[in-house]
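Since the structure comes first, as structure tokens, the remarks are kept for the end.
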Amino acid sequence: MSRQVLVAGNWKMNLNHLEAIALVQKIAFALPEKYFAKVEVAVLPPFTDIRSVQTLVDGDKLKIRYGAQDLSRHDSGAYTGDVSGPMLAKLGCTYVTVGHSERREHHGESDDLVNAKVKAALKHDISPILCVGEPLEVREAGNHVAHTTDQLIAGLKGLKTEQVTKVVLAYEPVWAIGTGRVATPADAQEVCGAMRARLAEKYGEQIAGDVRILYGGSVKSGNIGDLVKQDDIDGALVGGASLDAEEFTKLCALA
Ligand code: PEP
């Protein structure tokens with residue numbers, strides 16, 4: 001069991017394709033090449049930027065990976081505005097976030113839809129970053145572990161055991177996203193440890209030991225170090241701080 005640390009930058013709906021090129025160049029050139037053997041770095045730009053990022057990464061043989069923030073459950077057809085797994089695969093995407101709380105909230109995405117999207121990504125050899133986590137009222141009621149692990153099992157429903165290791169999990173407590181209020185390392189470890197234990201119950205120790213679990217929610221260079229020291233935290237999903245090249249590379253270097 002050796003899990004490579006992953007730091008993934010979720011740009012959300014920020015940066016046009018020219019700004020995307022500038023940011024990826026700054027990140028790639030600020031980190032020494034040998035760094036990428038230790039930590040995997042990925043950027044998750046808006047759809048409109050992905051082709052530009054692909055051209056840059058391929059052209060300059062950058063070690064940065066990239067992906068998307070969402071995909072359709074369908075491969076093609078009359079789904080105006082949607083983008084499919086085959087389209088993302090053709091653009092060389094390694095990752096796609098699925099079930100981010102902003103999509104669950106603003107687009108009413110249910111666990112069933114999230115599960116269908118996880119399967120759609122895997123079908124095209126893209127690793128879904130499955131986001132789970134509790135809103136504030138659930139934490140205050142003390143039900144955060146059950147809530148999050150139930151979301152996790154629902155998101156993975158029907159996967160073959162060997163597919164599960166291709167999924168990256170992200171524990172993102174909703175109250176910590178974009179608020180500046182990061183979970184303490186102990187709080188994050190409590191839930192990430194419970195997620196791994198639930199995986200072990202369902203898929204066995206070996207698979208549970210191979211799956212990477214990220215923490216997300218107001219991660220910055222000042223808190224990443226203590227978070228990734230936790231036994232069950234294998235990196236971070238970073239929102240706001242991933243838009244600033246200097247802060248993001250500093251954060252990556254400390255992961
Ligand atoms: C996110 O959007 O996944 C996220 C964790 O955002 P932030 O780092 O800004 O809290």
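The values are calculated or read from the model by the stated rules, or taken from the named source; none is laboratory data. Just so you know, these numbers come straight off a predicted model, no measurement behind them. When we count neighbours, we look across all protein chains shown, and the Cβ atoms used for this are built from the backbone with ideal geometry, even at glycine.
Is it true that Val96 is touching a Gly at 6+ places or on another chain (Cβ under 6 Å), more than 18 Å from Glu162 (Cα to Cα) and without any contact (Cβ under 8 Å) to a residue 60 or more places away in the chain? Answer is yes for this residue. Just one residue in the set Ala42, Ala68 is surrounded by 20 or more Cβ atoms within 10 Å (Cβ to Cβ), closer than 16 Å to Ala253 by Cβ, at pLDDT 95 or above and among the small types (Gly, Ala, Ser); that residue is Ala42. Filtering segment 185-218 to residues that are among the β-branched types (Val, Ile, Thr) and not in a helix (DSSP H, G or I) leaves Val211, Ile213. Of all the residues in segment 204-221, those that are closer than 13 Å to Pro173 by Cβ and away from the ligand (no atom under 16 Å from the Cβ) number 0.
Restricting attention to segment 95-148 and to residues that are hydroxyl-bearing (Ser, Thr, Tyr) and in a helix (DSSP H, G or I), the residue that is farthest from the ligand (Cβ to nearest atom) turns out to be Thr148. If you filter segment 234-255 down to residues that are without any contact (Cβ under 8 Å) to a residue 60 or more places away in the chain and outside any helix (DSSP H, G or I), you find that the one that is farthest from Gln69 (Cα to Cα) is Leu254. When Arg3 is tested against (1) in contact with a strand residue (DSSP E or B) (Cβ under 7 Å, 6 or more places away or on another chain); (2) under 21 Å from Lys119 (Cα atoms); (3) of a type in the set (Lys, Arg), exactly one condition is not met: (2).
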